[in-house]
Amino acid sequence: MTFSMTGFARAEANLPSGTLSVEVKSVNHRYLEVFVRLPDVLRFAEAQLRERVRQEISRGKLEVTVRWQREDTEQSGFHVQTEVLMQLHAALSTVRTNLPEVAMPNALELLQWPGVIAEPRITSESLNQTLEQALNDALVALRAHRAREGTELSSQISQRLDQIQVIVQTLRAAYPDLQRHIAERLRERIARFQVDVDPERFEQEVVMLLQKADVAEELDRLDVHIAETRKILQRKEPIGRRLDFLMQEFNREANTLGSKATATDYSQAAIDLKVLIEQMREQIQNIE
C-alpha cells in the first residue's frame, strides 16, 4: 500500500481531573523528523513518545502537540487549603506592618498562590497511560489519512504510467517508418547539392543513420521501468526513495530518446515523456 507523507489527526483521552489531547501533523521530508510540544507535566514522556512515533512512521516531518486541559474547580473537586491560606494571610499582615506602601494581592491572586488550592493528585503513571492511549489513537488516524492520500497518489502515478506505455507502444509501432523517413531526408539533401552518389554508398549512409537513431533499447528499458514502478507501488514497505530513483532512470531514457530523435514524432514523444515523468516525480515527493 502506498502512503502519503502528509496528513493530520487528533485524538483525546479523559482522566477524572482533565482531558489530554494529541494532535499529529505531517508533511513531506527527505527523512524522519519529529518535533514535540508537551506541557511541563508530561516532559518525562518525551523520549517514549518519539520512539513510539518512529515505530509507526518512517519518513516525513511530524509535529506532535500534546495539550492537558484540567477540569474546572467544581467538577474536579478542588478546594481551598484553609491552613495554607491563613499562613499566607499572616505573612501578608507582617509585610503590611513593615512595608505599608507595598500593594497587597487580591483574592484571585491569593488563590493562585502555590498550595492554596488543593488539586486532585495525578500520578505520572496515569498520565503516561492516558498519553499512550491518545497517541496511539492519533497515529492510527494519521496512518489512515496518509493511506487515503497515498491511494490517490498511486492512482495518479498509474495513470501517467499508462500514458507512457501508450507513447512507447506508438513509437515502437512507428519505428519501421523511420528507415523510410531517414532515406527520404538523405535523398533531399543529395538533390539539394545536385551530386551523384553511388547506390551502395547511399545504403551504407542510411544504415549508419539508422544505427544512430535506433531507439529500440531505450523503448525496451522504458517498458522495464514501467513494470518495475507498478511492482513497487504494490509493496507494503516505504517506497518513496525507490520511486524517486526510478524517475531518474525514466528521465535518462527520455533524454536519450530526445537526443536520437530524427523525426518530429520522436521529438514530440520525448517532450511528452519528460512532462509525464516530471508529473510523477512531483507526486512521488509526497510518498513515504
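FYI, it's all coordinate maths here, none of it is from the lab. Computed from a predicted structure; not experimentally measured. Cβ coordinates were reconstructed from backbone atoms using ideal geometry, including for glycine residues, and neighbour counts include every protein chain displayed.
Some points to look at:
- Charge sum, other residues only, whose C-beta stays under 14 Å from HIS89's C-beta, Lys/Arg counted +1 and Asp/Glu -1: -1
- The stretch 79-118 - percent relative contact order, Cα under 8 Å, separation 6 or more: 67 percent
- Extension reserve of the VAL27-ASN128 stretch, reckoned as 0.36 nm per residue once the Cα distance is removed: 33.7 nm
- Residue order, fewest to most surrounding Cβ atoms within 10 angstrom, among TYR175, TYR31: TYR31, TYR175
- Remark: VAL215, VAL95 ranked as VAL95, VAL215, counting other beta-carbon atoms within 10 Å and listing the fewest first.
- Working from label points 7 Å from Cα in the Cα-to-Cβ sense, the LEU110 to GLU184 distance is 10.3 nm.
- Ordering MET280, MET86 from the fewest to the most neighbouring beta carbons within 10 Å gives MET86, MET280.
- Between the alpha-carbon centres of the stretch 133-161 and the stretch 1-55 there is a gap of 17 Å.
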